[in-house]
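**Student:** Below is a structure I'd like to ask you about.
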Amino acid sequence: MSPALEVSNLTMDFGGLRALDSIDLTVNHGEIVALIGPNGAGKTTFFNCITGIYNPTAGDMRLVSPEGKAVRINGLKPNQVTENGMARTFQNIRLFQNMTVLENVMIGRHCRLRAGIPGAVFRPPRVRKEESRLIEDSYRMLQKVGLEKYVNEFAKNLPYGAQRRLEIARAMATEPFILLLDEPAAGMNTQETKELDELILRIRNEEGICILLIEHDMKLVMSLSDRIYVVDYGRKIAEGTPGQIKNDPAVIKAYLGEDIDA
Ligand SMILES: Nc1ncnc2c1ncn2[C@@H]1O[C@H](COP(=O)(O)OP(=O)(O)O)[C@@H](O)[C@H]1O
Ligand SMILES: [Mg+2]
């Protein structure tokens, strides 16, 4: 197994609060890995650190492409992290609500285009060709996530589960080799969650993208994940296969009162 994301000793302080304490985490190519833990454990902070939104207090973060190109991502801006092959969705939906479904995906894809501002203004044939390819590629992405019927609909008019899938499509449009999903099933009904489960599996199996998933729906986590990391109060308290995690006393204690055996 070869690593796609290697995080070591990641620490994040907010004033006096240590939100992350020396976290080591690896996602290998081909894997679906879950990051779980009670509310406030530091999961979203972890995503924000590795995607360049926060500047961590300490730690090392590396991306390694499927071709073996390694990049240290400490200090990179979010768009630079995306350009290096890691895309994400957010815990709270962040779509351009007044743009169409297609436009939302096109924006995600934009970071892969070569034409800069002059090209966009003067639109030589090469740029126009690039634009029509952008539309075609974006449409194909919508087909992959099953949203093509909404192509010209405003994002705000989509059912909730479809909005979540659109966020995934937009992230995928940046051509990542690793995809980070922050609570993708939150607020979904049973049917929507089932479709999400299938979509995540397809992204891994057919697109060859590895996935790091923050999720509270334990049934989804246990069925999808190859490995699971558990954090509590910023510390890693367990790591292992779903079977190992389910029976880990430290995990059961952290979730006391919550049903992890869903
Ligand atoms: N920007 C911030 N400033 C100060 N404290 C923060 C900030 N972001 C998160 N925290 C704190 O860090 C801890 C972890 O939060 P978070 O990563 O959102 O948890 P989780 O996603 O696991 O529910 C919480 O105590 C939260 O209040
Ligand atoms: Mg969170």
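The values are calculated or read from the model by the stated rules, or taken from the named source; none is laboratory data. Because the structure is a prediction, the values reported are computed rather than measured. We place every Cβ from the backbone using ideal geometry, glycine too, and count neighbours over all the protein chains shown.
**Student:** Just the residues that are in contact with a Lys or Arg (Cβ under 6 Å, 6 or more places away or on another chain) and farther than 19 Å from Arg227 by Cβ, please, taken from region 15-32.
**Tutor:** Step one: of region 15-32, the residues in contact with a Lys or Arg (Cβ under 6 Å, 6 or more places away or on another chain) are 21, 23, 32.
The one that is in contact with a Lys or Arg (Cβ under 6 Å, 6 or more places away or on another chain) and farther than 19 Å from Arg227 by Cβ: Asp21.
**Student:** Would you confirm whether or not region 59-80 contains a residue that is of a type in the set (Ser, Thr, Tyr), in the same structural domain as Val231 (by TED's automatic domain parsing) and in contact with a strand residue (DSSP E or B) (Cβ under 6 Å, 6 or more places away or on another chain)? Even if it seems obvious, please write down each step before you answer.
**Tutor:** Of all residues in region 59-80, those of a type in the set (Ser, Thr, Tyr) come to 65.
If we keep only those that are in the same structural domain as Val231 (by TED's automatic domain parsing) too, we end up with 65.
With the extra rule that they be in contact with a strand residue (DSSP E or B) (Cβ under 6 Å, 6 or more places away or on another chain), the set shrinks to none.
No: zero hits.
**Student:** Please tell me if Ser2 is more than 30 Å from Tyr160 (Cβ to Cβ) and within 16 Å of ligand 1 (Cβ to nearest atom). Quick ask: steps written out before the conclusion?
**Tutor:** On the way: more than 30 Å from Tyr160 (Cβ to Cβ): yes; within 16 Å of ligand 1 (Cβ to nearest atom): no.
Answer is no for this residue.
**Student:** Out of (1) under 17 Å from the mean Cα position of the chain (by Cα); (2) outside any strand (DSSP E or B); (3) of a type in the set (D, E, K, R), the odd one out for Arg62 is which?
**Tutor:** (2)
Results for (1) surrounded by 14 or more Cβ atoms within 10 Å (Cβ to Cβ); (2) out of contact with any strand residue (DSSP E or B) (no Cβ under 6 Å at 6 or more places or on another chain); (3) assigned to a strand (DSSP E or B), shown as yes or no for each residue.
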site: Leu95; (1), (2), (3): yes, yes, no
site: Asn104; (1), (2), (3): yes, yes, no
site: Glu130; (1), (2), (3): yes, yes, no
site: Lys149; (1), (2), (3): no, yes, no
site: Gly161; (1), (2), (3): yes, yes, no
site: Leu166; (1), (2), (3): yes, yes, no
site: Ala171; (1), (2), (3): yes, no, no
site: Leu179; (1), (2), (3): yes, no, yes
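**Student:** Only one of (1) among the polar types (S, T, N, Q); (2) at pLDDT 95 or above; (3) touching a Lys or Arg at 6+ places or on another chain (Cβ under 8 Å) is not met by Ser138, so which one is it?
**Tutor:** (2)
**Student:** Looking at (1) within 27 Å of Leu201 (Cβ to Cβ); (2) without any contact (Cβ under 8 Å) to a residue 40 or more places away in the chain, can you tell me which one Pro66 breaks?
**Tutor:** Every condition holds for Pro66 apart from (2).
**Student:** Still on this model: Any chance region 243-253 includes a residue that's in the same structural domain as Ser65 (by TED's automatic domain parsing), crowded, with 17+ Cβ neighbours inside 10 Å, among the small types (Gly, Ala, Ser) and not in a loop (DSSP other than H, G, I, E, B)? So that I can check it myself, show each step before the final result.
**Tutor:** If we filter region 243-253 for residues that are in the same structural domain as Ser65 (by TED's automatic domain parsing), which is where we start, we get 243-253.
From the residues that got through so far, the ones that are crowded, with 17+ Cβ neighbours inside 10 Å too are 245, 248, 251.
Now restrict to residues that are among the small types (Gly, Ala, Ser): none.
Within region 243-253 (the criterion being in the same structural domain as Ser65 (by TED's automatic domain parsing), crowded, with 17+ Cβ neighbours inside 10 Å, among the small types (Gly, Ala, Ser) and not in a loop (DSSP other than H, G, I, E, B)), the answer is no, since none of the residues qualifies.
**Student:** Here is a follow-up. Which residue pairs have Cβ atoms under 7 Å apart, sit 6 or more places apart or on different chains, and have a first residue in region 142-167 that is free of Cβ contacts under 8 Å to residues at least 60 places away in the same chain and under 12 Å from Leu199 (Cβ atoms) and a second that is β-branched (Val, Ile, Thr) and surrounded by 14 or more Cβ atoms within 10 Å (Cβ to Cβ)?
**Tutor:** Val145/Ile168; Leu147/Val101; Arg165/Val145
**Student:** Please list, ordered by first then second residue, the pairs with beta carbon atoms under 9 Å, 6 or more apart or interchain, first in region 183-197 and not assigned by TED's automatic domain parsing to the domain that holds Asn48, second more than 16 Å from ligand 2 (Cβ to nearest atom).
**Tutor:** Close Cβ pairs satisfying both conditions: none exist.
**Student:** Scanning region 84-98 for residues that are in contact with a helix residue (DSSP H, G or I) (Cβ under 6 Å, 6 or more places away or on another chain) and without any contact (Cβ under 8 Å) to a residue 60 or more places away in the chain, which turns out farthest from Val64 (Cα to Cα)?
**Tutor:** Here the residue is Gln97.
**Student:** For region 13-50, enumerate the residues that are within 22 Å of Arg72 (Cβ to Cβ), away from ligand 2 (no atom under 13 Å from the Cβ) and either surrounded by 21 or more Cβ atoms within 10 Å (Cβ to Cβ) or not assigned by TED's automatic domain parsing to the domain that holds Leu181 (or both).
**Tutor:** Result: Ile23, Val27, Val33, Ile50.
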